[in-house]
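A.B. asks: Could you have a look at this structure, given as structure tokens, before my questions?
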Amino acid sequence: MTKTNALAESQMQLPRDCTFTPGDWQVLSKYWYPVAIAEEIKDKPVSVKLLDVKLVCYRSHGKVVIARDLCFHRGAPLSLGWVENEEIVCPYHGFRYNCEGACTSVPAHPSAKISPKLKLIMYPAVERYGLIWTSLAGTEEQLPEFSGWDDPDFINILPPSFDIAGSSGRQMEGFLDVSHFAYVHADSFADPDNTEVPQYKVRREGNELFADYWSTVSNYGKGQENPAPEGFMWLRAFRVFAPFAASLTVHFPDDGKLMILNCASPVSARYTRLFCPISRNFDKSVPVEDTIKFNLQVFSEDREMVEAQTPEDLPLDLTAEAHIPADRTSIAYRQLLTELGLGRDYTS
Ligand code: FES
Ligand SMILES: [Fe+2]
């Protein structure tokens, strides 16, 4: 076996205590997910987890490095170590590794030659939308589109990450669900008497779904001034990037656009870290803290449901739960996940 193959092999080994079925894990490991907020990654190593794999994340020469959080000498986590001269130092016996993962120093034997096999398992790292993204299988970069972030006419807001003791599939489906507003979000923005869901269509393009949902459900927060004219029709345009990201553009009066990128990062089969960059082209002088607070309220309302649903895993077998016409997007989403190869034993 060549060295590259050996590395590829070790990267694709199922993690210890894997909470996914082997088949699901192999499929999910090919995609890109955010694992951290870029600004929070400095030269102090940070431990993160993706698909049950423990990773260490830090900066060296200004660039983010992501490696398996494991020193091959005696299995200590490198996230307990530190970065010195752009190299990560293991806290147990002081081995050092450079930003390519190669061991550069074994302090117990300073003049001995270091085996080139002494190398960390490394993963690609990309900074985008204020987040650090990676792929466990090291597949070609493939990130969701989020046009507001680079548009000079928009301001960007990045709320803190948000943890949910639930599966990424359930969280994602909740983000796409349009019939829960009157029930779950009555305290934040919705009207408990406005329950009816007008017809809408879902379009599929490759691995993406598009749904334009028009309704009279306002997106202004409770207690916030509502300048929308009587009968204003609100457009919520959803776009799904399988498996676990989706953008939502809410069209406000006077061509205002609020864009939200919902990125559910699967920590394990039943634990999700949600990252949610926001861009908007209006209310540019409103303090971002207000938006962050409002967003937190909405996601907290959703979290209560996602953490309480059973089964915890999103059932991909369409006969497993009852569907109504309002669920068109979520039905298409379940079909899409099935087509990705996530099968009926899908556990996230
Ligand atoms: S376990 Fe890392 S140097 Fe020994
Ligand atoms: Fe919701």
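The values are calculated or read from the model by the stated rules, or taken from the named source; none is laboratory data. From a predicted model like this one, the values you see are computed outputs, not experimental measurements. FYI the Cβ positions are ideal-geometry reconstructions off the backbone, even for glycines, and counts take in every protein chain you see.
A.B. asks: Which of the residues belonging to segment 97-109 are in contact with an Asp or Glu (Cβ under 7 Å, 6 or more places away or on another chain) and either assigned to a loop (DSSP other than H, G, I, E, B) or of a type in the set (D, E, K, R) (or both)? Full working, then the answer.
C.D. replies: Keep residues of segment 97-109 that are in contact with an Asp or Glu (Cβ under 7 Å, 6 or more places away or on another chain), which gives 97-99, 104.
Listed by number, the residues that qualify are 98, 99.
A.B. asks: Mind listing whichever residues of segment 82-92 are β-branched (Val, Ile, Thr) and either part of a loop (DSSP other than H, G, I, E, B) or within 12 Å of ligand 1 (Cβ to nearest atom) (or both)?
C.D. replies: As a first pass, look at segment 82-92 and keep what is β-branched (Val, Ile, Thr): 83, 88-89.
The answer is 88, 89.
A.B. asks: Residues in segment 271-279: is at least one farther than 19 Å from residue 129 by Cβ, in contact (Cβ under 8 Å) with a residue 24 or more places away in the chain, surrounded by fewer than 16 Cβ atoms within 10 Å (Cβ to Cβ) and in contact with a Ser or Thr (Cβ under 9 Å, 6 or more places away or on another chain)?
C.D. replies: First, pick out the residues of segment 271-279 that are farther than 19 Å from residue 129 by Cβ: 271.
Okay, now just the ones that are also in contact (Cβ under 8 Å) with a residue 24 or more places away in the chain, so 271.
Cutting the leftovers down to surrounded by fewer than 16 Cβ atoms within 10 Å (Cβ to Cβ) gives us none.
The answer is no; no qualifying residue exists.
A.B. asks: Every residue in segment 200-221 that is among the aliphatic types (A, V, I, L, M) and either away from ligand 2 (no atom under 14 Å from the Cβ) or under 26 Å from the mean Cα position of the chain (by Cα) (or both), please.
C.D. replies: Narrowing segment 200-221 to residues among the aliphatic types (A, V, I, L, M): 202, 209, 211, 217.
Hits for segment 200-221 are 202, 209, 211.
A.B. asks: Moving to a separate point now. I'd like to verify a number: residues in segment 110-135 that are in a loop (DSSP other than H, G, I, E, B), among the aliphatic types (A, V, I, L, M) and over 16 Å from residue 263 (Cβ atoms), how many? First the steps, then the outcome.
C.D. replies: Within segment 110-135, the subset in a loop (DSSP other than H, G, I, E, B) is 110-118, 120-121, 124-125, 129-130, 135.
Imposing the further condition that a residue be among the aliphatic types (A, V, I, L, M) reduces the set to 112, 114, 118, 120-121, 125.
Subsequent filtering for residues that are over 16 Å from residue 263 (Cβ atoms) retains 112, 114, 118, 120-121.
Final tally of qualifying residues: 5.
A.B. asks: Also: Filter segment 164-199 down to the residues that are surrounded by fewer than 19 Cβ atoms within 10 Å (Cβ to Cβ) and in contact with a Pro (Cβ under 9 Å, 6 or more places away or on another chain) and list them by number.
C.D. replies: 182, 183, 186, 199 - these are the residues of segment 164-199 that are surrounded by fewer than 19 Cβ atoms within 10 Å (Cβ to Cβ) and in contact with a Pro (Cβ under 9 Å, 6 or more places away or on another chain).
A.B. asks: Just name the residue that is nearest to ligand 2 (Cβ to nearest atom) out of those in segment 268-315 that are acidic (Asp, Glu) and within 20 Å of residue 181 (Cα to Cα). Even if it seems obvious, please write down each step before you answer.
C.D. replies: Taking segment 268-315 and keeping what is acidic (Asp, Glu), we get 283, 289-290, 301-302, 304, 307, 312-313.
When the remaining residues are screened for being within 20 Å of residue 181 (Cα to Cα), the result is 301-302, 304, 307.
Numbers: 301: 6, 302: 4, 304: 10, 307: 13 Å.
My answer is 302.
A.B. asks: Please work out if residue 274 is outside any helix (DSSP H, G or I), in contact with a Lys or Arg (Cβ under 6 Å, 6 or more places away or on another chain) and under 26 Å from residue 29 (Cβ atoms).
C.D. replies: On the way: outside any helix (DSSP H, G or I): yes; in contact with a Lys or Arg (Cβ under 6 Å, 6 or more places away or on another chain): no; under 26 Å from residue 29 (Cβ atoms): yes.
Judged against the criteria, residue 274 is not a match.
A.B. asks: Looking only at segment 147-204, count how many residues are without any contact (Cβ under 8 Å) to a residue 40 or more places away in the chain, closer than 19 Å to residue 301 by Cβ, outside any loop (DSSP other than H, G, I, E, B) and not aromatic (Phe, Trp, Tyr).
C.D. replies: If we filter segment 147-204 for residues that are without any contact (Cβ under 8 Å) to a residue 40 or more places away in the chain, which is where we start, we get 150, 152, 181-183, 186, 190-196, 198, 203.
Restricting the remaining residues to those that are closer than 19 Å to residue 301 by Cβ gives 181-183, 186, 190-195.
Now drop any that are not outside any loop (DSSP other than H, G, I, E, B), which leaves 181-183.
Then keep just the ones that are not aromatic (Phe, Trp, Tyr); that gives 182.
Counting residues in segment 147-204 that are without any contact (Cβ under 8 Å) to a residue 40 or more places away in the chain, closer than 19 Å to residue 301 by Cβ, outside any loop (DSSP other than H, G, I, E, B) and not aromatic (Phe, Trp, Tyr) gives 1.
A.B. asks: Another question about this same structure. So which residues in segment 21-33 are surrounded by 18 or more Cβ atoms within 10 Å (Cβ to Cβ) and out of contact with any Gly (no Cβ under 9 Å at 6 or more places or on another chain)?
C.D. replies: 25, 28, 29, 31, 32, 33
A.B. asks: Ok, one more. Within segment 105-114, can one find any residue that is away from ligand 1 (no atom under 16 Å from the Cβ) and either closer than 25 Å to residue 129 by Cα or within 26 Å of the chain's Cα centre (by Cα) (or both)? Step through it out loud before you land on a result.
C.D. replies: Pass one, segment 105-114, residues away from ligand 1 (no atom under 16 Å from the Cβ): 111, 113.
Going one step further and asking which of them are either closer than 25 Å to residue 129 by Cα or within 26 Å of the chain's Cα centre (by Cα) (or both), we end up with none.
The answer is no; no qualifying residue exists.
A.B. asks: Can you name the residue in segment 1-43 that is closer than 22 Å to residue 264 by Cβ and small (Gly, Ala, Ser) and is also modelled with the lowest pLDDT among such residues? Before you say what the answer is, go through the steps one by one.
C.D. replies: Residues of segment 1-43 that are closer than 22 Å to residue 264 by Cβ, as a first pass: 14-15, 17-41.
Those left that are additionally small (Gly, Ala, Ser): 23, 29, 36, 38.
Details: 23: 91, 29: 97, 36: 98, 38: 98.
That would be 23.
A.B. asks: From 64, 27, grab the single residue that is touching a residue at least 60 places away in the same chain (Cβ under 8 Å), within 29 Å of residue 338 (Cβ to Cβ) and among the aliphatic types (A, V, I, L, M).
C.D. replies: On the way: 64 fails: within 29 Å of residue 338 (Cβ to Cβ).
Result: 27 is the single residue among 64, 27 that is touching a residue at least 60 places away in the same chain (Cβ under 8 Å), within 29 Å of residue 338 (Cβ to Cβ) and among the aliphatic types (A, V, I, L, M).
A.B. asks: Quick one: residue 54 ticks every box in (1) within 16 Å of ligand 1 (Cβ to nearest atom); (2) under 17 Å from the mean Cα position of the chain (by Cα); (3) surrounded by 22 or more Cβ atoms within 10 Å (Cβ to Cβ) bar one, so which box is it?
C.D. replies: In the conditions (1) within 16 Å of ligand 1 (Cβ to nearest atom); (2) under 17 Å from the mean Cα position of the chain (by Cα); (3) surrounded by 22 or more Cβ atoms within 10 Å (Cβ to Cβ), residue 54 misses (3) alone.
A.B. asks: Are any residues in segment 250-270 crowded, with 20+ Cβ neighbours inside 10 Å, in contact with a helix residue (DSSP H, G or I) (Cβ under 9 Å, 6 or more places away or on another chain) and closer than 20 Å to residue 155 by Cα, and if so, which ones?
C.D. replies: Within segment 250-270, 258, 259, 260, 261, 262 qualify.
A.B. asks: Is it the case that residue 197 is within 15 Å of ligand 2 (Cβ to nearest atom), modelled with pLDDT of 95 or more and β-branched (Val, Ile, Thr)? Let's see the steps before the verdict.
C.D. replies: Details: within 15 Å of ligand 2 (Cβ to nearest atom): yes; modelled with pLDDT of 95 or more: yes; β-branched (Val, Ile, Thr): yes.
So residue 197 passes the test.
A.B. asks: Pick from 60, 79: which is surrounded by 15 or more Cβ atoms within 10 Å (Cβ to Cβ), within 13 Å of ligand 1 (Cβ to nearest atom) and polar (S, T, N, Q)? Quick ask: steps written out before the conclusion?
C.D. replies: Numbers: 60 fails: within 13 Å of ligand 1 (Cβ to nearest atom).
That would be 79, the only listed residue that is surrounded by 15 or more Cβ atoms within 10 Å (Cβ to Cβ), within 13 Å of ligand 1 (Cβ to nearest atom) and polar (S, T, N, Q).
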